[in-house]
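Read the figures in this text as sums done on the coordinates, not as results from a lab. All values derive from a computational prediction rather than experimental measurement. A quick note on method: Cβ atoms are made from the backbone with ideal geometry, for glycine too, and the neighbour counts reach across all protein chains shown.
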Amino acid sequence: MKVIILSAGRGSRLLPLTENIPKCLLDVNGRCVLDRQVRLLDSRGLGPIKIVTGFQSHLVDQELAAFQAEGIDAQSNFNPFYQVADNLASCWMAREHMDGPFILLNGDTLLSEGALDKVLAREMDCPIVVTTDEAPQYDDDDMKVELKDGRLSAISKDLPAERTHAESIGLLRFRSDGAGLFLETVDRILRTRNGLNLWFLQAIDQIAKSHHVGVISIAGELWGELDDKKDLKYLRSVFN
């Protein structure tokens, strides 16, 4: 199964740590975020792995060269619009990699072996599956999820508390028909006036209005996302 990792961003909320390197290369106890992602994915037989790069892409390419020297099929796909567009455009740049079943992963999401194994064990009874977790409460940065009859009915940072049942961790799995559906939606949204400013999960929100989007909860499994220095401290405390 192919994998796409969206790692084009700089991570401005992590400055000055990201003054000269993208946040996917920040160190988490001796290994950078990207190293931890790629090696976990490869250990489960997933690949080829396409990393969409942007800020300081040459540094990511250097990291990928080390993977390739070990026989890991990980290559970059440069997004020249990373400074003026959000990650929906990064998905568009990787569209040729979406010609069959694939996994889409945010470049700032780390997860444990148990969490990934739970996602891979899920039977794909629908075109798209969003990985979720539950929390006592959610903040403004969380990509909140509304569920109805076991399906994802809405996904947005702006969902009110009474409609929020979980949060997306930034890992999605697509069947071949889900890949085609996602690409059609991404292409349509990018042709709108505000398309470049949107996240790829906003495409999932639109798809959920008319198609079955499933969810797989990894509640109880270890994961984290890297948005700010507080997140980095947390990741360093749990990923040893």
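The table below lists the values:
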{"read-out": "Gyration tensor (alpha-carbon) shape descriptor, the chain, a/c threshold 1.5", "value": "rounded"}
{"read-out": "Hits among lysines - C-alpha to C-alpha of Lys144 under 18 Å, sequence gap 8 or more where chains match", "value": "Lys157, Lys209"}
{"read-out": "Part-to-part distance (alpha-carbon centres) for the stretch 161-232 and the stretch 8-48, which is given in Å", "value": "20"}
{"read-out": "Potential lengthening between Ser112 and Arg236 on full extension [0.36 nm per residue; Cα-Cα distance subtracted]", "value": "43.3 nm"}
{"read-out": "Spin-label pair Arg163/Asn20, simplified geometry with 7 Å Cα→Cβ offset, distance in nm", "value": "4.6"}
{"read-out": "Local net charge near Asn29, Cβ-Cβ under 13 Å (Lys/Arg +1, Asp/Glu -1)", "value": "+2"}
{"read-out": "Shape call, the stretch 85-124: gyration tensor on alpha carbons, a/c limit 1.5", "value": "oblate"}
{"read-out": "Residues listed by number, the stretch 95-136, amide nitrogen under 14 Å from Ala219 label point at 7 Å toward C-beta", "value": "132-136"}
{"read-out": "Along the chain, longest interval not containing exposed GluC sites (Glu not before Pro), exposed being DSSP loop plus at most 14 other Cβ atoms within 10 Å", "value": "135-240"}
{"read-out": "Gyration tensor (alpha-carbon) shape descriptor, the stretch 1-116, a/c threshold 1.5", "value": "oblate"}
{"read-out": "Positive minus negative residues near Ile207 (Lys, Arg vs Asp, Glu; Cβ under 15 Å)", "value": "+1"}
{"read-out": "Bridge type composition, the chain - antiparallel percent by DSSP, nearest 5", "value": "50"}
{"read-out": "Given the chain, longest segment not containing exposed loop trypsin sites (Lys or Arg not before Pro) (DSSP; at most 16 other Cβ within 10 Å)", "value": "45-121"}
{"read-out": "Inter-site label distance for Ser43 and Gln206 at 7 Å from Cα along Cβ, in nm", "value": "3.8"}
{"read-out": "FRET efficiency estimate (nearest 0.05) - Cβ-Cβ, Glu70 to Asp125, R0 45 angstrom", "value": "0.80"}
{"read-out": "Relative contact order (%) - the chain, alpha-carbon pairs under 8 angstrom, separation at least six", "value": "25"}
